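Below are the structure tokens for one structure; questions will follow.
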Amino acid sequence: MLRRAALRLAAGSLSMAWAGCSRRRRELRHLRVASSPFLANCGFYVAHEKGFFDELGFTLELSQTTNAGQGAMLLVHGQLDVGLYTITPALVNLIAAGSQIRIVAAKTADTSGCSPPAGVVWRKGEYPRGLEGVRRLRGKKVGVGRRATSVEFWMDTILGAAGMSPTDIKPVYIGDAAAIAALEAGDLDALVTGADLSIGPTGVLPNLEIGLNLSDVAPGAQLAFIEFGSRILDADPSVGADFLVAYFRGVRAFRDGYDPGFVKQIVAKGGALAAEFEHMCRAYLTVDGSVNREQVDHYVRWAVKKGYCEKAVPAENMIDERYLTLAHRRASRREGSG
């Protein structure tokens, strides 16, 4: 009798354990993802619309939290699970403090013939193209977006390549839309942007030109990343790996010509943003996902020097490559069995 009671107790405990694991697995397949309809996120939206996440058992709850610093805090506290963001000083500071948040893959990469949509813009013909034109911006008013953003980082990178520093220009912290209007009106002399503004004879801003592309001074530049928060980092690595498998399937479909719904709507409406998408180089979205560690280290050193971060964090502490490695293995097996 005692033996039967013990067996029933063991069976009940095992059943409860399996139920607990099942509930935990279902919970971790419901992910909260911060993503906004930007160029760099096209692959994610394609994967979502084509059901690639559904196929792997995911239910996604989308949040348009566009502020990367705020998003980093939400990732740490489990209010978001995945962020599609740029690197920020907030991310560096949180990791330095021991928080559970990591970069797990790159979304974009500067490849041959497909440079990132970032650089210095000025009125057409006003300055010579290249670093000589940048040097002539000494003492001039340059729009650089908000402080402590990737745009400010790239501005300092470009100035450094020209043998200059931020003190050599008059930075004006202003968004792209307002900066374009100010530049065309003559209230700014140039602007640094992280977006394709459809400039030039075939674009919608024919009076402006890209004087220097970021890739001219920072080959291999990566502007956007995938970040995992505490819930995924504490889970079985298969959860994060499966997310990346579905995501990169979406990127490949986008590079093959499939447009997500938000792009189709924008193109149908026409205008500046429509031209931006129509002229996008699709290969700018990487299917490899490898993160440029040297660039991450460069960013962290910059953030410390600017006073945005107190402590430098090595790239190996910022990046967790387990998920990408496992995702590539799973994707290879999937292709082999298909």
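Restricted to the range 45-67, and to residues that are assigned to a helix (DSSP H, G or I) and not hydrophobic (A, V, I, L, M, F, W, C), which residue is nearest to Trp154 (Cα to Cα)?
If we take residues in the range 45-67 being assigned to a helix (DSSP H, G or I) and not hydrophobic (A, V, I, L, M, F, W, C), then Tyr45 is nearest to Trp154 (Cα to Cα).
Further question on the same structure: Scan the range 308-338 for residues that are within 23 Å of Ala97 (Cα to Cα), small (Gly, Ala, Ser) and not in a loop (DSSP other than H, G, I, E, B) and jot them down.
Ala315
List the helices (runs of 4 or more DSSP H) inside the range 211-293, counting only whole elements, that have at least 2 residues being out of contact with any Leu (no Cβ under 9 Å at 6 or more places or on another chain) and at pLDDT below 80.
In the range 211-293, 261-269, 272-278 are the helices (runs of 4 or more DSSP H) which contain 2 or more residues that are out of contact with any Leu (no Cβ under 9 Å at 6 or more places or on another chain) and at pLDDT below 80.
Which pairs have Cβ atoms under 8 Å, sit 6 or more apart or on different chains, and link a residue in the range 150-178 that is more than 21 Å from Val300 (Cα to Cα) to one that is buried (at least 18 other Cβ atoms within 10 Å of the Cβ) and of a type in the set (S, T, N, Q)?
Listed by first residue and then by second, the contacts come to Asp176/Thr193.
Could you list, in sequence order, all residues of the range 35-56 that are in contact (Cβ under 8 Å) with a residue 60 or more places away in the chain and over 18 Å from the mean Cα position of the chain (by Cα)?
Answer for the range 35-56, where residues must be in contact (Cβ under 8 Å) with a residue 60 or more places away in the chain and over 18 Å from the mean Cα position of the chain (by Cα): Glu49, Lys50, Phe52, Phe53, Glu55, Leu56.
Next question, about the same structure. Considering only the range 141-164, state which residues are over 26 Å from the mean Cα position of the chain (by Cα) and among the small types (Gly, Ala, Ser).
Ala162, Gly163
When you scan the range 68-87, do you find a residue that is among the aliphatic types (A, V, I, L, M), assigned to a helix (DSSP H, G or I), crowded, with 16+ Cβ neighbours inside 10 Å and in contact with a Phe, Trp or Tyr (Cβ under 7 Å, 6 or more places away or on another chain), even just one?
Looking through the range 68-87, at least one residue is among the aliphatic types (A, V, I, L, M), assigned to a helix (DSSP H, G or I), crowded, with 16+ Cβ neighbours inside 10 Å and in contact with a Phe, Trp or Tyr (Cβ under 7 Å, 6 or more places away or on another chain).
The values are calculated or read from the model by the stated rules, or taken from the named source; none is laboratory data. In this text the structure is predicted, and so the values were computed from the model without any measurement. Ideal geometry is used to build each Cβ from the backbone, glycine not excepted, and the neighbour counts take in all protein chains shown.
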